[in-house]
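> Here it is, the structure in full.
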Amino acid sequence: MITYNGEDTLNLIFSWRGTVWKKVMWNCLFNVLVTLIIWYLKTREISDLTFNDKGHSFMAIMVSFLIVTRFNIAYKRFMESSQYLSKLGTACRELIQHTVIFSRYEKSTKAATWRFEITRQTIAMLELTRDFLIATARTKKNVLEIYQNKKHKNMAKKECQFLINSFEGSSVETSPLLFALFLRTTIASNREYLDTSLRPQYELKLLAYVGDFVKAEHGLMNIDDTPFPFPIVQMCRTLLFAWVHTLPFALGNDMRTSQLGIGANMAIIFFVTYGFLGLEYVSMEMDEPFGDDLNDFEICQQTQKVFKDIIVYLEDIMHDESPGFEGRLKSLKRNASLLNPSERSHTPF
């Protein structure tokens, strides 16, 4: 996602990276060229292609309403997606923090194994969610197969195979929700690993964080699976392009014959075209915030921060009380691509 300095106005105006100028520019130049042709034909008394702009003005009201409505809905969906992504990370961080706190005085190897498994499964669940979000519709079906063939991964082989068998012949997009079952089972098995099992309220607290993760995942799935209503998009796009590309003919009716007059008209048409079409293209950018475009959420970087934080939480207790787990911690870091700070998350897409 593009970051910028809001106080540097000139840099904002003339920045080319991540803007909609590349998509809108040709429409702006086309309208300016049409305006110039209309002016030339009219001043040379060859042909008058202009028409009265009253009807065009009424149509502008409808186009403006549709554009602003579509933009507001797209922006709301965009911000909801951002909030759900934040909740995923918050749930993972809180889960590991409280796991460490609630089992702080359990110093046995079995207790360390239990904490390690919860951390590993939390990372694997977030990785799975990330990869399903950034995968295209075509590759979503192959995510689990790609996981199965990966050399380094935090998901256990039997867990991956269970997911593949469970979703054979059906949609696999709910795999992260099913994987939450593994994590809940591990949390509930604390009585098998800890000398003193967790108090019921502590166990429920940990399970509640998994529930928060699942709720956020449901929200993201709902946004990803529910496209913007097609009739609104079709109506908005049709009226918008029809209105914008007939703008030179409508404004040409009042066009001055002087060169100064045509220059003013061309500038007005250029920026009106940029404003209306630009807003539509911004809405299109926000419609699909998951991916690798410049204005998409940086999901890999966000999840990497979560992985780093929760491993730090685990290291805090395991280095002091479980020195034998150093190799497993290193493996966990490697699989989460944390050994090299410049290395991105090992998403297969």
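> Just give me the residues in the stretch 50-67 being closer than 14 Å to residue 242 by Cβ and part of a loop (DSSP other than H, G, I, E, B), in sequence order.
51
> Out of (1) out of contact with any Lys or Arg (no Cβ under 8 Å at 6 or more places or on another chain); (2) at pLDDT 85 or above; (3) not hydroxyl-bearing (Ser, Thr, Tyr), the odd one out for residue 98 is which?
Evaluating residue 98 over (1) out of contact with any Lys or Arg (no Cβ under 8 Å at 6 or more places or on another chain); (2) at pLDDT 85 or above; (3) not hydroxyl-bearing (Ser, Thr, Tyr) leaves (1) as the failure.
> Considering only residues of the stretch 65-93 that are touching a residue at least 12 places away in the same chain (Cβ under 8 Å) and among the small types (Gly, Ala, Ser), which is nearest to residue 225 (Cα to Cα)?
Ranking the qualifying residues of the stretch 65-93, first place goes to 81.
> Anything in the stretch 14-31 that is out of contact with any helix residue (DSSP H, G or I) (no Cβ under 8 Å at 6 or more places or on another chain), modelled with pLDDT under 85 and not in a helix (DSSP H, G or I)? List them, or say none.
15, 17, 18
> From the list 84, 75, 4, which one is touching a Leu at 6+ places or on another chain (Cβ under 8 Å), open to solvent by 100 Å² or more (accessible area, probe 1.4 Å) and either in a loop (DSSP other than H, G, I, E, B) or at pLDDT 85 or above (or both)?
Every option except 4 fails the conditions.
> What is the one condition in (1) in contact with an Asp or Glu (Cβ under 9 Å, 6 or more places away or on another chain); (2) open to solvent by less than 30 Å² (accessible area, probe 1.4 Å) that residue 291 does not satisfy?
(1)
> Scan the stretch 106-133 and report the pairs whose first residue is over 17 Å from residue 313 (Cα atoms) and free of Cβ contacts under 8 Å to residues at least 60 places away in the same chain and whose second residue is open to solvent by less than 10 Å² (accessible area, probe 1.4 Å) and among the β-branched types (Val, Ile, Thr), with Cβ atoms within less than 7 Å and a gap of 6+ or a chain change.
Every condition considered, the pairs that remain are 132/143.
> Oh, and also: Hey, can you tell me all the residues within the stretch 7-25 that are open to solvent by less than 90 Å² (accessible area, probe 1.4 Å) and not hydroxyl-bearing (Ser, Thr, Tyr)? Show your work before the answer.
Taking the stretch 7-25 and keeping what is open to solvent by less than 90 Å² (accessible area, probe 1.4 Å), we get 8-9, 11-12, 15, 18-21, 24-25.
Residues satisfying the conditions are 8, 11, 12, 18, 20, 21, 24, 25.
> Looking at (1) of a type in the set (A, V, I, L, M); (2) at pLDDT below 90; (3) within 24 Å of the chain's Cα centre (by Cα), which one does residue 156 not meet, given that it meets all the others?
Every listed condition holds for residue 156 apart from (3).
> All but one of (1) under 24 Å from residue 241 (Cβ atoms); (2) of a type in the set (D, E, K, R); (3) not in a helix (DSSP H, G or I) hold for residue 70; which doesn't?
Just one mismatch for residue 70, condition (3).
> Identify all residues within the stretch 223-282 that are over 30 Å from the mean Cα position of the chain (by Cα), part of a loop (DSSP other than H, G, I, E, B), modelled with pLDDT under 85 and surrounded by 16 or more Cβ atoms within 10 Å (Cβ to Cβ); write none if there are none.
Selection gives 255 alone.
> Let me ask something else. Considering only the stretch 32-47, how many residues are surrounded by 12 or more Cβ atoms within 10 Å (Cβ to Cβ) and assigned to a loop (DSSP other than H, G, I, E, B)?
Here the count works out to 0.
The values are calculated or read from the model by the stated rules, or taken from the named source; none is laboratory data. Since the structure is predicted, the reported quantities are computational estimates derived from the model, not experimental observations. Every residue, glycine among them, receives a Cβ derived from its backbone with ideal geometry; neighbour counts consider all protein chains shown. Side chains included, ligands, DNA and RNA excluded: accessible areas come from the protein's heavy atoms. Shrake-Rupley method; radii C 1.70, N 1.55, O 1.52, S 1.80 Å.
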